[in-house]
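The values are calculated or read from the model by the stated rules, or taken from the named source; none is laboratory data. Here the structure is a predicted model, which means the values were calculated and not measured. Note: ideal-geometry Cβ built from the backbone for every residue, glycine included; neighbour counts use all protein chains shown.
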């Protein structure tokens, strides 16, 4: 490796770490995720505009064309408000504030700013777009501070209901923050120069400085997108000047001129600069397809192609991602700049007609170049040349991405990450992304990363093993068991994947995902009339974590006692005071706590006197020893001890009628084992319950 390359890679690695830390800050995460939430609206807007253009090309009635064009315009006007609402929602989650009052107040503040900025209809309107990002950040934090003050609260009455109380208690904070927003904006307006002066000096001269205008706009647009700011909307006032240049060029060409007076205009940007969207990302998508062997990157590139052909690149921006990714910042700015230089050079040489037709940014590739130049086939060749140059510029950076994925640094636990529902929001925003953080701390362990990368090809799911009353045959509960299933149906046992998850530091994430899935399934069964409890396992890390317990108690509260918690004896030995406190919090919700694999630790009986436990699960090793005289005495001793303490008992690992015969001699015992059933999929449980509801004794299940 050349000596000059090592320092560059070292600098990129340092920059990677810095930007990674920056992007993980709660505020920037809220901006990033808020903007991601607006993406469907942006794609909808682009689709409506494309329909409008296609209808116009097909010669449809202008009134129909106008309908779709107007819909596009109205969504575009609403984008800043959607951005404000989305970011405010995310920050409200972080700060544990009621979502709706915070969201509506922030939108109201932006409306006030819009009204105050109404006279600034040119370049200074960029302040309004900046306000759409800043208001939800600072105003929401101001609301949180004031809402916590007792003198700002109108009511504390519990009888009013939590929603009514929260809404009333935001009235005074909302008015105070509104006053602050208005005063700040009035102060900004006082120091702003006259709008005409601003427009005169900030609108660049597209006629006399086409290269400067094109390079400045393309670099600024890419830089804004790198930080998650929609460049098109942020630079909209500048685009108004370039649109005027397009109209002047159209008039010139119609009068018989060449159109070289104003080659730098909006149609030039759409057809020859931002090919595939900001950063000319169609070149990136093609470079990924041509260069990389990484399946995940190729799938992402293929999925983004239909959008890139319409100059929509949000899928790549958020999918790779490009936002906050220093490895792609240089080509993301360099490729559009190169397109400006090449495009203007070819047009000024007279080889291609200068664009003079108004073609929307979201018009299809090839068609936009052809139409913008009035049907010049050379424009299509120029567009292909720009795509090729962009691919060459992106290619070495794509190889860097590929190497990073092959080293395992791009491994993501997709099935756990994507199965979080919005009930999981607060846990997600109280701390850093738990899966990502767990993996990031161990990036030096290449083998671990490869193991986790392999697990990324599996989907995590829950199966449920029934617990049966051996006397009545009725199902008394089920235990949720985690499984990992590949796309071809191959299952991994917990012994095969739990060690990797533990080393990766993501067991706490798995605990909460299991809890959420079990609660959802218990609610679904309860709606169908099946009200048996579902028990879930919590790891030692999860039981010791206040953050995990906070989220877990929120989930269990919504389940109304339908989910029980199982913990191992090892969990009880870590941080006894913390664990005792957390168990007490769980039991206060009328949720039962079970000790799993009871008797395998060193202080099993001592734990029963120290911790508030409801049920013990006798380990299968005691069941296997029942045939011996000593084994049966130990087993009976455990059952007698549990009966004296009025504890419930679940016996695990019962597989034969002989083993069951010992259990039948004791009351208040449930059996969990292959004698009744292996673990079942959720959809199989109701049928199993119905079949065993009337049985006195079970039939032996096939092993």
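If the condition is being surrounded by fewer than 23 Cβ atoms within 10 Å (Cβ to Cβ) and in a helix (DSSP H, G or I), then the stretch 495-507 contributes 495, 496, 497, 498, 499, 500, 502, 503, 507. Mind counting the residues in the stretch 343-356 that are crowded, with 18+ Cβ neighbours inside 10 Å and either in contact with a strand residue (DSSP E or B) (Cβ under 7 Å, 6 or more places away or on another chain) or assigned to a loop (DSSP other than H, G, I, E, B) (or both)? Qualifying residue count, the stretch 343-356: 5.
What about residue 589, is it touching a helix residue (DSSP H, G or I) at 6+ places or on another chain (Cβ under 8 Å), assigned to a helix (DSSP H, G or I) and at pLDDT 85 or above?
Details: touching a helix residue (DSSP H, G or I) at 6+ places or on another chain (Cβ under 8 Å): yes; assigned to a helix (DSSP H, G or I): no; at pLDDT 85 or above: yes.
When the stated conditions are applied, residue 589 does not pass them.
Each row is one residue, and each column tells you yes or no for (1) in the same structural domain as residue 341 (by TED's automatic domain parsing); (2) modelled with pLDDT under 85; (3) in contact with a helix residue (DSSP H, G or I) (Cβ under 8 Å, 6 or more places away or on another chain).
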{"site": "167", "(1), (2), (3)": "no, yes, yes"}
{"site": "172", "(1), (2), (3)": "no, no, yes"}
{"site": "175", "(1), (2), (3)": "no, no, no"}
{"site": "182", "(1), (2), (3)": "no, no, yes"}
{"site": "208", "(1), (2), (3)": "yes, yes, no"}
{"site": "219", "(1), (2), (3)": "yes, no, yes"}
{"site": "224", "(1), (2), (3)": "yes, yes, yes"}
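Scanning the stretch 508-526 for residues that are surrounded by fewer than 20 Cβ atoms within 10 Å (Cβ to Cβ) and under 18 Å from residue 553 (Cβ atoms) gives 520, 523.
Results for (1) over 21 Å from residue 243 (Cα atoms); (2) modelled with pLDDT of 90 or more; (3) buried (at least 20 other Cβ atoms within 10 Å of the Cβ), shown as yes or no for each residue.
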residue	(1), (2), (3)
323	yes, no, yes
341	no, yes, no
372	no, no, yes
377	yes, yes, no
410	yes, no, no
419	yes, no, no
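Residue selection: residue 282 fails the criterion of being at pLDDT below 90, buried (at least 18 other Cβ atoms within 10 Å of the Cβ) and in a helix (DSSP H, G or I). Just one of the listed residues (325, 362, 368) is closer than 27 Å to residue 41 by Cα, touching a residue at least 60 places away in the same chain (Cβ under 8 Å) and out of contact with any helix residue (DSSP H, G or I) (no Cβ under 7 Å at 6 or more places or on another chain), namely 325.
A quick yes/no check of all residues on (1) out of contact with any helix residue (DSSP H, G or I) (no Cβ under 7 Å at 6 or more places or on another chain); (2) part of a helix (DSSP H, G or I); (3) more than 24 Å from residue 532 (Cα to Cα); (4) modelled with pLDDT of 90 or more:
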position: 547; (1), (2), (3), (4): no, yes, yes, no
position: 551; (1), (2), (3), (4): no, yes, no, no
position: 561; (1), (2), (3), (4): yes, no, no, no
position: 566; (1), (2), (3), (4): yes, no, no, yes
position: 570; (1), (2), (3), (4): no, yes, yes, no
position: 579; (1), (2), (3), (4): no, yes, yes, no
position: 584; (1), (2), (3), (4): yes, yes, no, no
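Evaluate the stretch 516-528: report whether one residue or more is at pLDDT 85 or above and in a loop (DSSP other than H, G, I, E, B). Yes, that holds for at least one residue. Residues in the stretch 633-671 that are modelled with pLDDT under 80 and farther than 27 Å from residue 563 by Cα were compared, and the one that is farthest from the chain's Cα centre (by Cα) is 665. If I go through the stretch 285-306 residue by residue, how many of them are in contact (Cβ under 8 Å) with a residue 12 or more places away in the chain and either crowded, with 24+ Cβ neighbours inside 10 Å or part of a helix (DSSP H, G or I) (or both)? The qualifying residues number 15. Screening residue 97 on (1) in a helix (DSSP H, G or I); (2) in contact with a helix residue (DSSP H, G or I) (Cβ under 8 Å, 6 or more places away or on another chain) shows it passes everything except condition (1).
Quick one: which residue in 305, 315 is modelled with pLDDT of 80 or more, under 25 Å from residue 48 (Cβ atoms) and touching a helix residue (DSSP H, G or I) at 6+ places or on another chain (Cβ under 7 Å)? Spell out how you get there, then give the answer.
Details: 315 fails: modelled with pLDDT of 80 or more.
That would be 305, the only listed residue that is modelled with pLDDT of 80 or more, under 25 Å from residue 48 (Cβ atoms) and touching a helix residue (DSSP H, G or I) at 6+ places or on another chain (Cβ under 7 Å).
Of all residues in the stretch 100-158, how many are modelled with pLDDT of 80 or more and not in a helix (DSSP H, G or I)?
Residues of the stretch 100-158 modelled with pLDDT of 80 or more: 100-116, 131-154.
If we keep only those that are not in a helix (DSSP H, G or I) as well, we get 148-149, 153-154.
Residues flagged as modelled with pLDDT of 80 or more and not in a helix (DSSP H, G or I) within the stretch 100-158 amount to 4.
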